[in-house]
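Any read-out appearing in this document is the output of simple, stated calculations on the displayed coordinates, not a laboratory observation. Just so you know, these numbers come straight off a predicted model, no measurement behind them. Every residue, glycine among them, receives a Cβ derived from its backbone with ideal geometry; neighbour counts consider all protein chains shown.
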Amino acid sequence: MKKLCVIDGQGGGIGAAIIKTLRSAYRETVDITALGTNAIATAQMLKARANRGASGENAIIRTTLTVDVVIGPASIIIAHALMGEVTPAIAEAVASCPAKKILLPLYQENVAFVGLPEEPLPHLLEALIADHLNQMD
């Protein structure tokens, strides 16, 4: 069974949408861990049917070492993103973990991705499944 983790912060809305999409596409054939930068984000992702959840810097650092795929907004690899919730240690752990990283180019930070059109979240989630997860073994 493929082990996925979804990382989000603030209110957890993006992470919850990702998990709902994953559950719809894969049902119970994937193991999903919700990792929130705070307890509210984790709680929202658990309501979306993650298998388990944890909050905070250490949980993110340790868990990203044990999963096959990390999914979340691109800001999870930018220190001090999400209004400061992404610590430098979180950004480093996610960016350097051995798992495949599938990052959604959402424009919440003072960062632009050249060459990528701005797409609404539902379109990004369709591409997540069709172009990335379905292509993995």
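For the stretch 90-129, residues that are β-branched (V, I, T) and within 16 Å of the chain's Cα centre (by Cα) total 4. Please verify whether V86 is hydrophobic (A, V, I, L, M, F, W, C) and under 19 Å from A127 (Cβ atoms), treating the condition exactly as stated. No; evaluated as a whole, the condition is false for this residue.
Residues in the stretch 78-117 that are in contact (Cβ under 8 Å) with a residue 24 or more places away in the chain and of a type in the set (F, W, Y): F113 alone. Scanning the stretch 80-117 for residues that are among the small types (G, A, S), part of a loop (DSSP other than H, G, I, E, B) and surrounded by 14 or more Cβ atoms within 10 Å (Cβ to Cβ) turns up just one, A99.
Somewhere in the stretch 14-24, is a residue β-branched (V, I, T), in contact (Cβ under 8 Å) with a residue 40 or more places away in the chain, in contact with an Asp or Glu (Cβ under 7 Å, 6 or more places away or on another chain) and under 20 Å from A130 (Cβ atoms)?
Filtering the stretch 14-24 for residues β-branched (V, I, T) gives 14, 18-19, 21.
Add one more test, that the residue is in contact (Cβ under 8 Å) with a residue 40 or more places away in the chain, and what stays is 14, 18, 21.
Those still in the list that are in contact with an Asp or Glu (Cβ under 7 Å, 6 or more places away or on another chain) too: 14.
If we keep only those that are under 20 Å from A130 (Cβ atoms) as well, we get 14.
Yes - at least one qualifying residue is present in the stretch 14-24.
I'd like the residue in the stretch 1-48 that is part of a loop (DSSP other than H, G, I, E, B) and under 14 Å from the mean Cα position of the chain (by Cα) and, out of all such residues, is surrounded by the fewest Cβ atoms within 10 Å (Cβ to Cβ).
Result: G11.
I'd like to verify a number: residues in the stretch 49-66 that are touching a residue at least 40 places away in the same chain (Cβ under 8 Å) and either part of a loop (DSSP other than H, G, I, E, B) or of a type in the set (G, A, S) (or both), how many?
Our first condition is that a residue be touching a residue at least 40 places away in the same chain (Cβ under 8 Å); within the stretch 49-66, this holds for 50, 60, 63-64, 66.
Those left that are additionally either part of a loop (DSSP other than H, G, I, E, B) or of a type in the set (G, A, S) (or both): 50, 64, 66.
Result for the stretch 49-66: 3.
For the stretch 118-137, residues that are closer than 13 Å to I71 by Cα and either free of Cβ contacts under 8 Å to residues at least 12 places away in the same chain or exposed (fewer than 13 other Cβ atoms within 10 Å of the Cβ) (or both) total 1.
For the stretch 67-79, filtering for residues that are in a loop (DSSP other than H, G, I, E, B) and under 14 Å from the mean Cα position of the chain (by Cα) leaves 3. Among the residues making up the stretch 49-71, those that are of a type outside the set (V, I, T) and surrounded by fewer than 23 Cβ atoms within 10 Å (Cβ to Cβ) are R49, N51, R52, A54, S55, G56, E57, N58, A59, R62, L65, D68.
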